[in-house]
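What follows is a short report on a single structure.
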Amino acid sequence: MDNKILFKPGHTACAGCAQSLAARLVIEAAGSNTIIANNTGCLEVFSTKFPDSAWNVPWIHSLFENCAAVASGIEAALIYLGKKDATNVIAQAGDGGTADIGLQALSGMLERGHDILYICYDNEAYMNTGVQRSGLTPFYTNTTTSPISARFPGNLRPKKPMPEIANAHGIPYVATASAGFPQDIQRKVKKALSIKGPKYMQIHVPCPLGWRHESGQTLAVAKLAVETGLYPLIEYENGKLSGARKFAQLKPVEEYLKAQGRFKHLLGDPESIKQIQAIADNNILKYNLKAEAQKSD
Amino acid sequence: MKEFLEGSRAIAEVVKLCKPGVISAYPITPQTHIVEELASMVANGELSAQFVNVESEHSAASVVLGAQATGVRTFTATSSQGLFYMMEVLFNIAGMRLPLVLTCANRAISAPINIWNDQQDSISLRDSGWIQLYAENIQESADLHLIAYRLSEDKSIMLPTMVCMDGFILTHGMEAVDMPKQEEVDKFLPPYKPLYKLDTAEPLSMGLLADPDYYMETRFAIQETFKSLLKAIPQVNAEFKGVFGRDYGDGLVEEYYTKDAQKVIVAMGSVCGTIKEVVDAQRAKGKKVGLLKVISYRPFPYARVYDILKDVPRVAVLDKAVSLGAYAPLAVEVKAAFSGKQKAPRVVSSFVAGLGGRDITLESIKEIFLKLTQKEASLEFIDLKPELLTEEYGQ
């Protein structure tokens with residue numbers, strides 16, 4: 001690891017922001033020979049308010065939806081200059097910038113085969129603009145544009161399956177990660193950067209403001225999402241599921257839901273919780289998240 | 001040596017001579033031939049650039065933005081809806097002071113969908129912070145690309161340039177073109193040396209958030225650069241003449257029989273060729289008519305327009321675009337040139353013609369000269385078909 005601090009403190013992220021933590025882990029794992037293209041969003045706003053910048057690597061922000069295309073141009077320029085082999089290129093964005101407005105540019109980047117690591121910091125809503133629903137907002141979440149009412153229990157659609165969508169492009173590496181598992185993030189970033197071609201990583205990053213939990217609970221909440229099976233940590237290599245973090249005992253989703261204000265409306269409603277448990281159970285089956293019991297002798 | 005070339009081929013040849021490192025484009029009629037030619041030059045090794053085929057114009061502009069920010073000269077081309085789809089990236093490029101060059105093969109805007117020529121696309125981007133140069137013919141289209149790179153990359157300018165050439169008329173038309181030699185281009189256009197770039201040896205951040213304490217100054221700085229361009233464009237135009245033996249007026253405007261003229265048409269782009277033909281014919285009959293060709297729409301050369309037209313009694317402005325609900329875009333600027341001044345033409349009439357590819361014929365131009373009477377025409381559409389209006393809406 002470089003001795004230089006690549007993502008400096010003093011930026012203006014909220015207390016308990018998991019995105020700032022994950023962004024630091026990513027760039028520390030990638031190292032100083034890295035150029036970053038960043039979409040508009042919380043990370044861009046809190047890390048680069050003129051005249052300050054938290055970044056100690058070359059960093060560019062253009063627009064909300066085009067970091068994958070800007071990174072493609074950076075990569076093409078590095079190839080032209082003969083510098084690509086010595087340089088990592090990372091494109092990074094939030095969940096709205098990835099799954100909604102930036103999906104076309106991302107798909108183009110993946111399809112064209114650029115040697116770029118794309119990172120989606122998934123805090124499951126448009127937090128920068130005030131907690132509006134995105135394509136990665138979970139089922140029954142209370143957001144400012146999927147508000148709960150007597151008629152609606154929050155967001156009516158499940159999360160868009162971005163890892164599978166990325167994987168369907170036939171790219172060499174896709175992974176999910178979580179701020180609750182920092183070493184796993186860094187291992188996956190290093191692995192991704194050792195592979196040539198387009199890579200997609202989606203990191204679950206709790207947002208105390210939007211998820212309405214105590215700032216000190218960020219890592220605990222992140223871990224619960226994984227431990228319940230709602231946010232499985234998986235890897236695809238060359239299209240095949242090659243890894244999943246397994247647990248001997250998966251926790252009931254209610255433990256995760258009750259830790260956050262955005263799901264508070266569901267707590268007296270066993271039917272809704274059952275529906276969310278079904279999403280977790282499906283993940284547990286699909287990705288085989290349950291560790292085999294050890295043989296007794 | 002002159003070669004008989006299609007306009008798009010001439011542009012591709014001249015872009016090749018400028019040695020861009022990254023080219024990115026998305027197909028749209030009538031820009032396609034330009035980028036097809038470049039793609040084949042890259043494929044057969046004539047041009048050592050990275051050619052990035054993208055999924056949209058938004059990404060084409062974003063790719064060249066990223067590449068230019070990494071310190072490489074770039075090129076892209078588009079038209080019409082494609083230019084509009086690039087719009088937010090184009091404002092972004094200018095704000096980031098990245099000296100890109102883009103060819104706009106001018107085409108009408110939907111709806112109704114129409115692939116033919118007018119200038120509504122680039123005109124609508126007039127506030128984007130891009131230098132806008134309009135070409136009359138294929139030779140000028142090619143030459144303006146050389147001037148564009150040279151201007152944009154000047155350390156005191158650092159703004160992008162849009163070279164506007166009328167779709168089909170210039171992109172698909174054929175003309176004998178004096179293609180520059182590589183040595184001449186190298187002499188006129190030095191290799192691109194960026195002021196700042198994305199480089200791991202010297203990390204810097206680009207595209208930062210500027211709050212109300214800082215934002216205004218960035219816009220003011222661009223406005224000041226546009227003022228300085230009113231001097232820089234004539235200088236570069238003169239240097240261009242020194243190397244290539246050709247020039248285009250003073251680079252901002254070109255005068256054609258304006259000195260003693262009683263009637264002058266102001267116009268931009270390929271229609272100027274048609275107007276020149278009418279002017280020649282009428283001059284032969286002793287009529288004192290002329291043309292003022294505007295090459296640089298941004299920056300707009302108000303002082304030059306004032307000086308040239310202040311003693312001309314009657315001026316007609318021909319627009320190939322509209323600003324629906326207001327005066328036509330070129331007419332607005334010409335009228336503004338006389339605002340608060342001592343002298344002005346007695347009449348500044350405004351005509352709109354050629355929208356959606358309707359031919360502007362010699363007859364259309366003669367009609368404009370005829371209609372340039374003592375009564376000022378305001379936003380008069382030339383060659384309208386009244387019978388269509390009746391059929392559609394009359395009953």
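Taking residue B:54 as the residue in question, decide whether it is crowded, with 24+ Cβ neighbours inside 10 Å, touching a helix residue (DSSP H, G or I) at 6+ places or on another chain (Cβ under 8 Å) and modelled with pLDDT of 95 or more. The answer is yes for residue B:54. It is to be established whether one or more residues within the stretch A:63-75 are at the interface with chain B (Cβ under 9 Å from one of its Cβ atoms), within 19 Å of the chain's Cα centre (by Cα), surrounded by 24 or more Cβ atoms within 10 Å (Cβ to Cβ) and charged (D, E, K, R). Checked the stretch A:63-75: at least one residue is at the interface with chain B (Cβ under 9 Å from one of its Cβ atoms), within 19 Å of the chain's Cα centre (by Cα), surrounded by 24 or more Cβ atoms within 10 Å (Cβ to Cβ) and charged (D, E, K, R). Contact annotation: residue pairs with Cβ atoms under 9 Å, 6 or more positions apart or on different chains, pairing a residue in the stretch B:327-347 that is assigned to a loop (DSSP other than H, G, I, E, B) with a partner that is of a type in the set (S, T, N, Q), are B:327/B:350; B:327/B:378; B:328/B:350; B:346/B:374. A single entry from A:173, A:126, A:121, A:140 fulfils the requirement of being of a type in the set (Phe, Trp, Tyr) and on the phi > 0 side of the Ramachandran plot: A:140. Taking the conditions (1) within 11 Å of chain B (Cβ to nearest Cβ); (2) part of a loop (DSSP other than H, G, I, E, B); (3) not aliphatic (A, V, I, L, M) in turn, residue A:9 satisfies each one other than (1). Could you tell me whether residue A:176 is in contact with a Phe, Trp or Tyr (Cβ under 9 Å, 6 or more places away or on another chain), polar (S, T, N, Q) and not in a strand (DSSP E or B)? Taking the combined requirement at face value, the residue does not satisfy it. Given B:362, B:370, B:324, which one is surrounded by fewer than 12 Cβ atoms within 10 Å (Cβ to Cβ) and either within 20 Å of residue B:116 (Cα to Cα) or modelled with pLDDT under 95 (or both)? Going through B:362, B:370, B:324 in turn, the sole match is B:324.
Flag not set for residue A:86, criterion: buried (at least 24 other Cβ atoms within 10 Å of the Cβ) and either out of contact with any Asp or Glu (no Cβ under 6 Å at 6 or more places or on another chain) or more than 9 Å from chain B (Cβ to nearest Cβ) (or both).
Out of all the residues in the stretch A:28-41, is one or more touching a residue at least 60 places away in the same chain (Cβ under 8 Å), in contact with a strand residue (DSSP E or B) (Cβ under 9 Å, 6 or more places away or on another chain), farther than 30 Å from residue B:86 by Cα and not acidic (Asp, Glu)? Show your work before the answer.
Step one: list which residues in the stretch A:28-41 are touching a residue at least 60 places away in the same chain (Cβ under 8 Å), which gives A:28-30, A:39-41.
The next check asks that each one be in contact with a strand residue (DSSP E or B) (Cβ under 9 Å, 6 or more places away or on another chain); those that pass are A:28, A:30, A:39-41.
Those left that are additionally farther than 30 Å from residue B:86 by Cα: A:28, A:30.
Narrowing the set further to residues that are not acidic (Asp, Glu) leaves A:30.
Yes: the stretch A:28-41 contains one or more residues that are touching a residue at least 60 places away in the same chain (Cβ under 8 Å), in contact with a strand residue (DSSP E or B) (Cβ under 9 Å, 6 or more places away or on another chain), farther than 30 Å from residue B:86 by Cα and not acidic (Asp, Glu).
Within the stretch A:106-125, if we keep just the residues that are buried (at least 24 other Cβ atoms within 10 Å of the Cβ) and hydroxyl-bearing (Ser, Thr, Tyr), the residue that is farthest from the other protein chains (Cβ to nearest Cβ) turns out to be A:121.
Before we move on, is residue B:238 away from chain A (no Cβ under 14 Å) and either not in a loop (DSSP other than H, G, I, E, B) or not small (Gly, Ala, Ser) (or both)? Step through it out loud before you land on a result.
Values: away from chain A (no Cβ under 14 Å): yes; either not in a loop (DSSP other than H, G, I, E, B) or not small (Gly, Ala, Ser) (or both): yes.
Yes; evaluated as a whole, the condition is true for this residue.
Within the stretch B:40-75, being within 14 Å of another protein chain (Cβ to nearest Cβ), of a type in the set (A, V, I, L, M, F, W, C) and assigned to a helix (DSSP H, G or I) holds for B:42, B:60, B:61, B:63, B:64, B:65, B:67, B:69. The strands (runs of 3 or more DSSP E) found entirely in the stretch A:194-274 that carry 1 or more residues being surrounded by fewer than 23 Cβ atoms within 10 Å (Cβ to Cβ) are A:234-237, A:240-244. Restricting attention to the stretch B:21-38, the residues that are touching a residue at least 60 places away in the same chain (Cβ under 8 Å) and buried (at least 24 other Cβ atoms within 10 Å of the Cβ) total 3.
Residues that are among the β-branched types (Val, Ile, Thr) and within 14 Å of chain A (Cβ to nearest Cβ) number at least 1 in the following helices (runs of 4 or more DSSP H) confined to the stretch B:78-166: B:87-95. Of all residues assigned to the stretch B:176-185, none qualifies as being in contact (Cβ under 8 Å) with a residue 40 or more places away in the chain, within 14 Å of chain A (Cβ to nearest Cβ) and among the charged types (D, E, K, R).
Taking the conditions exactly as written (at the interface with chain B (Cβ under 7 Å from one of its Cβ atoms) and buried (at least 24 other Cβ atoms within 10 Å of the Cβ)), does residue A:53 satisfy them or not?
no
Checked against the criterion of being farther than 30 Å from residue B:271 by Cα, surrounded by 14 or more Cβ atoms within 10 Å (Cβ to Cβ), within 14 Å of chain A (Cβ to nearest Cβ) and among the aromatic types (Phe, Trp, Tyr), the stretch B:209-216 contains not a single residue that satisfies it.
The values are calculated or read from the model by the stated rules, or taken from the named source; none is laboratory data. Model, not experiment: these values are computed from the prediction. Cβ coordinates were reconstructed from backbone atoms using ideal geometry, including for glycine residues, and neighbour counts include every protein chain displayed.
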